[in-house]
Amino acid sequence: MIRLERRREPSRGWALATPFIAVLLTMLAGGLLFAALGKDPVEAIRTIFWDPLFGPYAGYSRPQLLVKAAPLILIATGLSLGFRAGIWNIGAEGQYIVGAICAAAVALAAYPAESVLLFPAMVLAGALGGLLWGLIPGVLRVRFGANEVLTSLMLVYVAEALLAAMALGLLRNPEGRGFPGSRNLAQYPSAANLEILPGSGMHWGVVAALIAVVAAQVIFARHQLGYRIRLTGAAPRAAVFAGVRPGLLVLVCMGFSGALAGLAGMFEVAGPAGRLSIDFGAGYGFTAIIVAFLGRLNPFGILAAGLLMALTYIGGELAQMQLALPVAAIQIFQGMLLFFLLGIDVLTAYRPRIGKARA
Amino acid sequence: MQRRTMLKSAAAGAVLAGIATVAAAQDDVPKVGFIYVGPVGDLGWSYQHDQGRQQLQEHFGDEIETVYIENVPEGPDAERVLTQLALQGADLIFATSFGFMEATNNVAQQFPDVKFEHATGYMTSDNLSVYGSRFYEGRAVEGLIAGELTESNIIGYIGSYPIPEVIRGINSSFLHAQKVNPDVEMRIVWAYSWFDPAAEAEAAQALIDAGADVVLQHTDSTAPQAAAQAAGDVYTFGQASDMSDYAPMPRVTSIIDEWGDYYIERTQALIDGTWETSDTWGGIDSGMVGIGEMTDAIPQDVRDEAQDLIDRIASGEYHPFTGPINKADGTQWLAEGEVATDEQLLSMDFYVEGIEAAIPD
Amino acid sequence: MSGIDPVILLAQLMVVATPILLAAIGELVVERAGVLNLGVEGMMITGAVCGFAVGVATGSPLLGFAGAALGGALVSMIFGLLTQVLLSNQVATGLALTLFGLGLSALIGQGYVGLRGPVVPDLYLPLLRDIPVLGPMLFRHDAVVYLGLGLVVAVWWLLTRTRAGLILRAVGENHDAAHALGYHVVRVRLMAIAFGGACAGLGGAYLSLARVPQWTEGMTAGAGWIALAIVVFASWRPGRLVIGAYLFGGITVLQLNLQAAGVRVPVEYLQMSPYLATILVLVLLRAGRAPGSLGKTFHAAQ
């Protein structure tokens, strides 16, 4: 019988190898799926993984990887802080939406005045909106002992309803012929979050994501906060003896992750999305949770995982266009990739042993 | 657009143009791209557009290639997908949802040699056309039939979101129901969703419970049909697709989204080199608004009356929004004999007199 | 305003609440075993398409529901294998399961768009249905409505009155202690997860076979997430689960009926209310504490 034995320390070798094994297994399983659908499996896999990076139009799709990945990375980095400490904010989708609503509200209140202060004000509003929305479950946990997994999830639905109300009501574009949705902020120069270098994909959200990754790495590696987070995650009781105030840590982590999610919402609404619409959410906050775990809650891992996710999205679109693969097949493929990555990861911390356990 | 934005988009355009020249070289047959907001299996809006695509492919056979991307959210993804389609050598691209408007407009600017067509929007340019359907013409026919059929004098209407497109349909059907039945009353339920079959079933049920014996829907699933069938003596109309499975009762006729002919016509123009920017708002006459078969559940004289209305609308002899029409607040909207302009119709944000409800804001 | 008939309202409410109640009772058992499976939506939609496909193929709604339960249980085993055997994180795996389920169902359902399934008959209860008021309210539904309520009672009985329930709760409260007592933590949890998947599948099939009835992609439209909320609202107690499902369903039905009666209701804000109520319950009912090991990974160290 095969059983798992915990390693004394996570294996570095396996930590590096498992993502590649998982991707290979996904290619195999995905190839079978594509073949079953009557498509050439090799071509399909090449279209998904290779073409966005090195295909004939990679000049366009490579920067787009950054654009697609930026919000995922930004949100996931924020989440990783709390996740490492055992603080489960799964309501990033709501914080993302509220951040976008606040930022858009600031911009629309100022419209059409032009000012260099507007963009920073929006950044602030977005971060603050996300922060406050994230703090609600934090406060509820600290003050009332309410489980933050569940309250933060509930607040996603509240945020979605709020978004619909805003897109149909208060923030609706008065010149939009009555259709739901706000004005296009990407066409409002003071508010627009445009590419810093044309064609590079680098907008301020990408920059913010990269800064967040580096900052998180520094916090984890060098800062007191990182130490407290790791300690709390590993041994909550010992952490208290070591002087960690668990309540405060909950508030810091929930607030921080909320603020980053809110920022992501702000950069999206002012840039790639342009406008606040009923469907603005699109699940980034949930996908980011997956990204955080795929990256093993490590900032650089999250960077890689975010890009990998973006690759499957963009490659998946190419596969739809070129091979007429249904979007359903792409979703299954993504699901399999996640399953393999999550499943194989067990080898990092555990060693499979054959035979009975010693008593 | 201000200078900063313009400079940047011009530069971005140059980058894309550089990539795109590679693409243009490998073209053989014209390629027509479609982007859908929902899955093609939604049996409603996106499904009908894909039916149109299939008709197009069938019509031209090997002479053209069609590609589609489904389930594209109306946000940043739309612009990327449209750009990818253009880069992949699509010569004509149909963007089939209102929310794709600004993305389509942006991408159209960057690919001046590619033709774009946006459904239900209002932005046009040298290589961007818009097209949509005058569904309100079909609603007028439904309203007439509903007004004749109802015994409770209560007509139910399931709306998706309170936007002009939907409000127009409500007004059109109410006006024509009222014409044949002055006592008719309309009850409106908003589902607040483009797509939620269970909510549609519940909305239909709520209307039936409130006494409605005819239910019109501006949502695309057959759930209201099933609810009406279970209730027994309730009439419905197919929406988006024919829904003929529910004929002859409860579905007595239908409004069908027919895009195929338009897609064929525009692709032909592309092939002939005669494609020009256009603003098409097609009605019953163009075939874009298809009226499904009227079943025996409608008495013969009402069928004749409805057919007459269809014919008069199709010939242009009659416009469903012809005055006198007052707004719900009692003020005059159209004077005697006055016909609503398209501009007035597109921005309609009020109920007509006689509908005793308020539009949510 | 013409009156709203409370009898009809309550009758409708029982129907509306059924799919979420079914999915929620399954998830309740899963969570009481200490596992948080956020993939309810994915399992529901898989159940919806499996139920519909089997129903169309066999013409039998009964077999359809059986197929749905089986389909839901099968996809839930992916989650079970990953989280229980390969020790993956439950939150991430559950979310991935939803993504996978949406794709899988769309692929399976490709040939079924636009078809009609078998009719799910009203369970004809001869005498009961003719009782005034109570008859139309309670006794004129299809069998699945009663199955949902029956399952709630069965789960309540299982959890509170049987040894199996005791073990399940022990595993959920403190898996290490349960393991030390010699219980098979992983085995118990796998069974709970499969039960949860089967129930979610039934809930999905109720939509595709009875409520809508039709197969369209993405047709569960978030019902699985509501089921998760109800479990929390109920503080993990079967009795309160019924209240929660009826409250959620009730708000939906009530606002639609108010609209139909011509009353103006702020729908967007009303849509938030059940979720706010759930948060309030979490805050107020401190007794309704989550199972101790909820969401935590268990590894039996020898």
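Just want the answer: with Cβ charges of +1 for Lys and Arg and -1 for Asp and Glu, which residue in A:213, A:167, A:179 is farthest toward the dipole's positive end in segment A:166-247?
A:213
Taking 25 °C and 0.890 mPa s as the conditions, I'd like the Stokes-Einstein D for segment A:40-324 in µm²/s, using the Kirkwood hydrodynamic radius from alpha carbon pairs.
Translational D for this selection: 127 µm²/s.
Please determine, in degrees from 0 to 90 and to the nearest 10, the orientation of helix B:300-315 with respect to the longest principal axis defined by the Cα atoms of chain B, where the helix direction is its Cα long axis.
40 degrees
Suppose we take every Cα in segment A:1-43 and form the convex hull; what volume per residue is that in Å³?
Numbers: hull volume 3.8 nm³, N = 43.
Considering the Cα atoms of segment A:1-43, their hull volume per residue is 88 Å³.
Which residues make up the longest stretch of chain A that has no trypsin sites (Lys or Arg not before Pro) in a DSSP loop with at most 12 other Cβ atoms within 10 Å? Mind showing how you got there, number by number?
Details: sites that count: A:8, A:356, A:358.
So the longest stretch without any such site is A:9-355.
For the pair residue C:57/residue B:349, report the inter-label distance in nm, with labels modelled 7 Å from Cα in the Cβ direction.
Simple spin-label model gives 5.3 nm for this pair.
Could you tell me the calculated FRET efficiency between residue A:238 and residue A:353, based on Cβ-Cβ distance and R0 = 22 angstrom, to the nearest 0.05?
Details: r = 29 Å, r/R0 = 1.33.
So the FRET efficiency works out to roughly 0.15.
Just order A:337-346, C:172-181 by mean Cβ neighbour count inside 10 Å, highest at the front, would you?
Final packing ranking: A:337-346, C:172-181.
Please report the projected area of segment B:214-296's Cα convex hull averaged over all directions, in nm².
Values: hull surface 25.8 nm².
Dividing the Cα hull surface by four gives the mean projection, 6.4 nm².
Roughly how crowded by other chains is peptide C:215-225, in terms of the mean Cβ count from those chains within 10 Å of each of its Cβ atoms?
Numbers: counts 3, 13, 14, 8, 9, 3, 7, 6, 3, 0, 4.
The mean count of partner-chain Cβ atoms within 10 Å per residue comes to 6.
Ignoring everything except DSSP H segments at least 4 long, calculate the 222 nm mean residue ellipticity for the protein assembly as shown; use -39,500 (n - 2.57) per segment, divide by total residues, nearest 500.
-19000 deg cm²/dmol
Taking amide H atoms as placed 1.01 Å from N in the peptide plane, list the residues 5 or more away in sequence, or in a different chain, whose amide H sits under 5 Å from that of residue B:154.
B:185, B:213
When the convex hull of the Cα atoms of segment A:139-235 is projected onto a plane and the area is averaged over all directions, what value comes out in nm²?
10.6 nm²
Is any helix in chain A, taking whole DSSP H runs, at least 20 angstrom long along its axis by alpha carbon and on average at least -1.0 on the Kyte-Doolittle scale, and which ones?
Those that pass (Cα extent of 20 Å or more, hydropathy at least -1.0) are A:12-36, A:58-84, A:92-110, A:118-144, A:148-168, A:204-222, A:246-270, A:299-323, A:327-344.
Given a 10 angstrom Cα cut-off, can you work out which residue in A:211, A:87, A:289 is the most mobile in a GNM of chain A?
Evaluated over chain A, the most mobile residue of the options is A:211.
Would you tell me the mean number of C-beta atoms belonging to other protein chains that fall within 10 Å of each C-beta in A:268-278, as a whole number?
That works out to 4 on average.
With each pseudo-label sitting 7 Å past Cα toward Cβ, what's the residue B:332-residue B:229 distance in nm, one decimal?
Each label point lies 7 Å from its Cα, and together they span 4.9 nm.
Calculate the mean, over all residues of peptide C:113-123, of how many other protein chain Cβ atoms lie within 10 angstrom of the residue's Cβ.
The mean count of partner-chain Cβ atoms within 10 Å per residue comes to 2.
Under 12 Å between alpha carbons, and skipping anything fewer than 8 positions from residue B:115 in its own chain: which aspartates and glutamates qualify?
B:91, B:126, B:276
Counting pairs of alpha carbon atoms under 8 Å apart in space and at least six apart in sequence, what relative contact order in percent does segment A:40-324 give?
Worked out over segment A:40-324, it gives 38 percent.
Label residue A:109 and residue B:271 with points 7 Å out from Cα along Cα→Cβ: what is the distance between them in nm?
The two pseudo-label positions are separated by 5.7 nm.
Taking the 0 to 90 degree range and rounding to the nearest ten, how far is the long axis of helix B:260-272 tilted relative to the main principal axis of chain B, both from C-alpha atoms?
Helix B:260-272 sits roughly 30 degrees off the main axis of chain B.
Taking H placed 1.01 Å from N in the peptide plane, check which residues at least 5 places from residue B:353 or on another chain put their amide H under 5 Å from its amide H.
Under 5 Å from the amide H of residue B:353: B:326, B:327, B:328.
With unit charges on the beta carbons (Lys and Arg positive, Asp and Glu negative) and the dipole taken about the Cα centre of segment A:1-110, which residue among A:87, A:24, A:60 sits farthest to the positive side?
A:87
So how compact is the protein assembly as shown: Cα radius of gyration and Dmax in angstrom?
Over the protein assembly as shown's Cα set, Rg and Dmax evaluate to 28.3, 96 Å.
Amide H of residue B:31: which non-local residues (sequence gap of 5 or more, or other chain) have their own amide H closer than 5 Å, using H built in the peptide plane?
Excluding prolines and chain starts, which carry no amide H, the hits are B:65, B:91, B:92.
Which of B:180, A:331, A:69 sits farthest toward the positive end of the charge dipole of the protein assembly as shown, with +1 on the Cβ of Lys and Arg and -1 on the Cβ of Asp and Glu?
A:69
Suppose every K and R has +1 on its Cβ and every D and E has -1 on its Cβ; what is the size of the dipole of segment A:112-269 about the Cα centre, in Debye to the nearest 20?
660 debye
Summing +1 for each Lys or Arg and -1 for each Asp or Glu, what net charge is found among the other residues whose Cβ lies under 12 Å from the Cβ of residue A:216?
That works out to +2.
Under a Cβ-only charge scheme (Lys and Arg +1, Asp and Glu -1), can you give me the dipole magnitude of the protein assembly as shown about the Cα centre, in debye to the nearest 20?
That gives the protein assembly as shown a dipole magnitude of about 7900 debye.
What number, in nm² with one decimal, is the all-direction average of the projected area of the convex hull of the alpha-carbon atoms of chain B?
About 19.0 nm², averaged over all directions.
Specify the residue with the greatest mean-square fluctuation among A:307, A:260, A:16, computed from a Gaussian network of chain A linking alpha-carbon atoms under 10 Å apart.
A:16
What are the extents of the Cα atoms of segment B:162-225 along their three principal axes, in Å, largest first?
Its Cα atoms span 33, 27, 15 Å along the three principal axes.
Working from Cα positions, state the angle (0 to 90°, nearest 10) between the long axis of helix B:76-87 and the longest principal axis of chain B.
Once rounded, one gets 50 degrees.
To the nearest 20 debye, what charge dipole does segment A:40-324 have about its Cα centre, counting +1 at the Cβ of each Lys and Arg and -1 at the Cβ of each Asp and Glu?
Working: 16 positive and 12 negative charges, 212 e Å.
My answer is approximately 1020 debye.
FYI, it's all coordinate maths here, none of it is from the lab. Please read these numbers as outputs of a predicted model, since none were measured by experiment. Every residue, glycine among them, receives a Cβ derived from its backbone with ideal geometry; neighbour counts consider all protein chains shown.
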